[in-house]
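Asker: Can you read through this structure? Questions will come right after.
The values are calculated or read from the model by the stated rules, or taken from the named source; none is laboratory data. Note that the coordinates shown come from a computational prediction; the quantities given were computed from them, not determined experimentally. Methodologically, a virtual Cβ is constructed for each residue, glycine included, from the backbone with ideal geometry; neighbour enumeration extends over all protein chains shown. These accessible areas exclude ligands, DNA and RNA; they are computed on the full protein's heavy atoms, side chains included. Shrake-Rupley method; radii C 1.70, N 1.55, O 1.52, S 1.80 Å.
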Amino acid sequence: MARLLVVPRWAGTPRSDYYPWLVDALAAVPGRPLDPVVVADLPHPGTPRLDTWPPAIARLLGDDPAVLRDTFVLGHSVGCQALLHAIAALPAGARIAGVLAVAGWWSVDQPWPTILPWQDNLPDLARVRAAVPRLTVLLSDGDPFTRDHHANAALWRERLGAEVEVVPGARHFNAAQEPAVLAALLRLATG
């Protein structure tokens, strides 16, 4: 059995978006392939920062190589960038089971000042590649923050060798239920 760590979006909490629904839906899956499921309660969710979020994620991941090998991580929006930074900071040789990046991006169409550090400071991509054997990215064809999903998908493939899936009409994946997220997560965890 593998564990799952969910890293929320900007201003996301364990009680927002589809996260509570996802926890319940995974608990109902026969055999519970992902258990436990932890939704990170990150410091100051309305102001995610490079010096606070990745270290908090790293603490939740831990550094036990056996536990990390059985850990999947789901990041949502800026949570994807935060988890990539946390993964890049893992001890040399550490590997996790896989990553699902939901509404992941490398830049947003109309950046605001507090998002610029996330766009302008890439994690060590070679370390991320070495630590993540399986990376799936879910994008929408109508994301209001990154309208060019083709260019975004190409960057994910080029930079990290990701498998990219485009979900029509999913916007920024902020609904109370996101069946496409559950399905992609189960494919990643059981494939």
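Asker: From Ala66, Ala56, which residue is in contact with a Pro (Cβ under 9 Å, 6 or more places away or on another chain), hydrophobic (A, V, I, L, M, F, W, C), under 28 Å from Gly93 (Cβ atoms) and part of a helix (DSSP H, G or I)?
Answerer: Details: Ala66 fails: in contact with a Pro (Cβ under 9 Å, 6 or more places away or on another chain).
Testing whether each residue is in contact with a Pro (Cβ under 9 Å, 6 or more places away or on another chain), hydrophobic (A, V, I, L, M, F, W, C), under 28 Å from Gly93 (Cβ atoms) and part of a helix (DSSP H, G or I) leaves just Ala56.
Results for (1) open to solvent by 70 Å² or more (accessible area, probe 1.4 Å); (2) in contact (Cβ under 8 Å) with a residue 24 or more places away in the chain, shown as yes or no for each residue.
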residue	(1), (2)
Leu116	no, no
Val137	no, yes
Pro144	no, yes
Ala154	no, no
Leu160	no, yes
Glu165	no, yes
Arg187	yes, yes
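Asker: Among the residues of segment 44-95, write down those that are surrounded by fewer than 19 Cβ atoms within 10 Å (Cβ to Cβ) and among the β-branched types (Val, Ile, Thr).
Answerer: Answer for segment 44-95, where residues must be surrounded by fewer than 19 Cβ atoms within 10 Å (Cβ to Cβ) and among the β-branched types (Val, Ile, Thr): Thr47, Thr52, Val67.
Asker: Can you tell me which condition Asp35 does not meet? The list is (1) of a type in the set (D, E, K, R); (2) in a strand (DSSP E or B); (3) crowded, with 18+ Cβ neighbours inside 10 Å, and all the others hold.
Answerer: In the conditions (1) of a type in the set (D, E, K, R); (2) in a strand (DSSP E or B); (3) crowded, with 18+ Cβ neighbours inside 10 Å, Asp35 misses (3) alone.
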